[in-house]
1. Return the Rg/Rh ratio of the stretch 67-158 with Cα-based radii and a Kirkwood Rh.
2. Output the 0 to 90 degree angle, nearest 10, between the alpha-carbon long axis of helix 201-210 and the longest principal axis computed from the alpha carbons of the chain.
3. Be a star and scan the stretch 265-287 for residues whose amide nitrogen sits under 12 Å from the point 7 Å along the Cα-to-Cβ vector of residue 181.
4. Quote the FRET efficiency, to the nearest 0.05, computed for residue 39 versus residue 277 with a Förster distance R0 of 45 Å and r equal to the Cβ-Cβ distance.
5. Would you mind telling me the share, in percent, of accessible area of the stretch 63-169 contributed by carbon and sulfur at probe 1.4 angstrom?
6. Please list the radius of gyration and Dmax for the chain, considering alpha-carbon atoms only, with Å as the unit.
7. Hey, can you rank 302-308, 313-319 by average C-beta count inside 10 Å, highest first?
8. Charges only on Cβ, +1 for Lys and Arg, -1 for Asp and Glu: so what's the dipole of the stretch 147-236 about the Cα centre, in debye to the nearest 20?
Amino acid sequence: MKKTSTRLADGRELIYYDLRDDTVRDAVDRRPLDPTVTTSEIRRDPLLGDAVAVASHRQGRTYHPPADECPLCPTRGERLSEIPDSSYDAVVFENRFPSLAGDSGRCEVVCFTSDHDASFADLTPEQARLVLEAWSDRTSELSHLPSVEQVFCFENRGAEIGVTLGHPHGQIYAYPFTTPRTALMLRSLAAHKEATGGQNLFDAVLERELAGERVVLAGEHWVAFVPYAAHWPYEVHLYPRRRVPDLPALDEAARTEFPQIYLELLRRFDRIFGDKEPPTPYIAAWHQAPFGTLEGFDGVTRDDFALHLELFTIRRTSGKLKFLAGSESGMSVFINDVPPERAAERLREVASS
């Protein structure tokens, strides 16, 4: 992998990740852009104790442009885009309309491929490995920013999810705090460690799932399963067998096997509802340990946390979506219409050819 960092016309950082070490990236952003202006602000909810990012500048972000005006495609002739070069393997750049900025963190866009009509599932194993390396590298680099406490790599896929750009891409959020979801895991981790005399909750969960009926895929270094208390109709968690706190900590064996397992998992997701259905909308979310000493979670260190990916779709059956209505949105109590055991069975049935 070759990494090349450059700057866009408005001062934002852009990084090319190339498969070939001899690739030269010297294209200049020719757009007449003014410096970016953001109004991102973090506000704490005094009752719930969580945080809300207020970012009014995002109202003007690009919204469903036609394919020939996609800002994530390479620059071709006089059609100028966010990527100055005429081709790329994978690229990461600072979001032009970030939810988090400055002392409030940082937001980046990850373009998986220059092919506008592809999806992550269409990538070759070599390309998927390159994206993994980009996620790992950005996690490591962002961890050194003084305002960053946690890094979240994720992909929103499909119009039903709310995606406004059709090009295959994901995002990276670098938060200035530990997110509420992660804090819940850390509290459960601390409580289990105390109650069991030091045993790890993530290890116990993985051991339980490996012995059960909800495993979807199992490799030498990775395991994918539908969790016992899945929130979504079709939800899969992907764990490395060797517990590590974040993406940079993965060893070479896990990195090598990852493309095979993850691409197969995504292709099965696209087959859940049959070949005649549109591509399955999904969210793919990497859970990584926060940085620092984890104050407030007695006895828990970063090494106790287990890196894992959560993949789920909001489609509950053919032509129908799972909406977060009263119980889910008002009380955070999910009601799942598909038994996790049946979801796992279905995902095993649709093994891609």
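1. My calculation of the ratio gives 0.98.
2. Approximately 80 degrees, to the nearest ten.
3. 283-287
4. Working from the Cβ atoms, E equals 0.65.
5. Details: 1860 of 4140 Å².
The nonpolar share, carbon plus sulfur, comes to 45 percent.
6. 20.4, 65
7. Numbers: 302-308: 20.4, 313-319: 16.6.
Going by the mean number of other Cβ atoms within 10 Å, highest first, we get 302-308, 313-319.
8. Result for the stretch 147-236 is approximately 200 debye, rounded to the nearest 20.
The values are calculated or read from the model by the stated rules, or taken from the named source; none is laboratory data. Bear in mind the structure is a predicted one, so any value in this text is a computation, not a measurement. A quick note on method: Cβ atoms are made from the backbone with ideal geometry, for glycine too, and the neighbour counts reach across all protein chains shown. SASA here: full protein model, heavy atoms, side chains in, ligands and nucleic acids out. Shrake-Rupley method; radii C 1.70, N 1.55, O 1.52, S 1.80 Å.
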